[in-house]
Amino acid sequence: MKIGIVGLGLIGGSLAIAFRENDLEVLGVSRQSATCETALTKGIVTEASTDMSLLRDADVVFLCTPIKAILPTAQAIISHLKPTAILTDVASVKGEIVQAIAPLWPNFIGGHPMAGTAEQGIDAALPGLFINAPYVLTPTPETSPDAVKILKDLITLLQSRFYCCAPEIHDQAVAWISHLPVYVSASLIAACGSEINSEVLQMAKALASSGFRDTSRVGGGNPELGLMMAQGNRQALLKSLTDYRQQLDQAIEFIETENWEAIAQFLAATQQQRPDFL
Ligand code: NAP
């Protein structure tokens, strides 16, 4: 089987490494010729080019460009694909992408490997990145079950944990566990930073330790990623933020009214629920 990968960065490069390790032929297409040369020199791909026609023999093609480039790349690539080729992408939001690409290519299936690091580009590509990580496919009712099966087998080769759901279910789920936490954490940092008593603020900064490190980590990361989440998953993120605000309002009310029993029940319930997510 010949695998095509478009966008040889962290995710595309890491997929290429994993498929090469399994002796599959990997055809890599990237925007810059320097990236293609690096991929060839490192042995990450079998062949590489900036020219999409390299993908004419590919059986399965993974679109691994930044989210904004996924649709234009799909539009540019389809005239180069053989009719039986399966097309998939790795973007971390699915609804709009699946809606836009599925009508262009019947054998398109949205996908999202839930693995990554803070680094970018071909030099950030890692062996073993997808081992034990969840990998979600988001077929529609029209998607061919045979195409899903072929991609599922490739995901099994990556040693990822395979999941399958509708695109909108994926987007709401990642809003809860990935996108909402960024905005909760960023708001926490902003709220602490808005303290107007300079002595308190200085002492808070001095005393901040492991708890603050854990709760502020995702809010203090790459701003571009948080912006992409809000732009690409707006509705689902807004729903999660609104529900989260209701929880905060309720906690405020319990504390204002000194309803300690309700607070105790609330915290006991969240203590029980947390392991279900991890
Ligand atoms: P990345 O390291 O920046 O790699 C993307 C590659 O695409 C770049 O190396 C670049 O190759 C090429 N590229 C950049 N802009 C392009 C454009 N406008 N048109 C065509 N190609 C372009 O990014 P990544 O972290 O691998 O993310 C790629 C995709 O994976 C995104 O859709 C993201 O949502 C998804 N994803 C990321 C993570 C994560 O944690 N990073 C996790 C899961 C899914 P050249 O060097 O040739 O320019």
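Scanning the range 162-195 for residues being surrounded by 15 or more Cβ atoms within 10 Å (Cβ to Cβ) and of a type in the set (Asp, Glu) gives a total of 2.
Pairs are defined by a Cβ separation below 8 Å, a sequence spacing of at least 6 or placement on different chains, a first member in the range 133-146 that is over 14 Å from residue 174 (Cα atoms) and assigned by TED's automatic domain parsing to the domain that holds residue 108, and a second member that is open to solvent by 40 Å² or more (accessible area, probe 1.4 Å) and not in a loop (DSSP other than H, G, I, E, B); the pairs so defined are 133/161; 139/164.
Looking across the range 83-102 at every residue that is of a type outside the set (Val, Ile, Thr) and under 15 Å from residue 144 (Cβ atoms), the one that is nearest to the ligand (Cβ to nearest atom) is identified as 87. Per the conditions (1) open to solvent by 60 Å² or more (accessible area, probe 1.4 Å); (2) in contact with a strand residue (DSSP E or B) (Cβ under 8 Å, 6 or more places away or on another chain), the sole criterion not satisfied by residue 23 is (2).
Residues in the range 208-222: is at least one within 18 Å of residue 190 (Cα to Cα) and in contact with a His (Cβ under 9 Å, 6 or more places away or on another chain)? Looking for residues that are within 18 Å of residue 190 (Cα to Cα) and in contact with a His (Cβ under 9 Å, 6 or more places away or on another chain), one finds none in the range 208-222, hence no.
The set of residues in the range 10-65 that are within 14 Å of the ligand (Cβ to nearest atom) and acidic (Asp, Glu) comprises 37, 51. For residue 115, the conditions (1) more than 8 Å from the ligand (Cβ to nearest atom); (2) closer than 25 Å to residue 178 by Cβ; (3) open to solvent by less than 30 Å² (accessible area, probe 1.4 Å); (4) not polar (S, T, N, Q) are fulfilled apart from (1). Picking from residues in the range 66-82 that are open to solvent by less than 30 Å² (accessible area, probe 1.4 Å) and within 15 Å of the ligand (Cβ to nearest atom), the one that is nearest to residue 112 (Cα to Cα) is 70.
The values are calculated or read from the model by the stated rules, or taken from the named source; none is laboratory data. Model, not experiment: these values are computed from the prediction. Cβ: placed from backbone, ideal geometry, glycine included. Neighbour counts: every protein chain shown. Accessible surface is based on the protein model in full, side chains and every heavy atom, while ligands, DNA and RNA are left aside. Shrake-Rupley method; radii C 1.70, N 1.55, O 1.52, S 1.80 Å.
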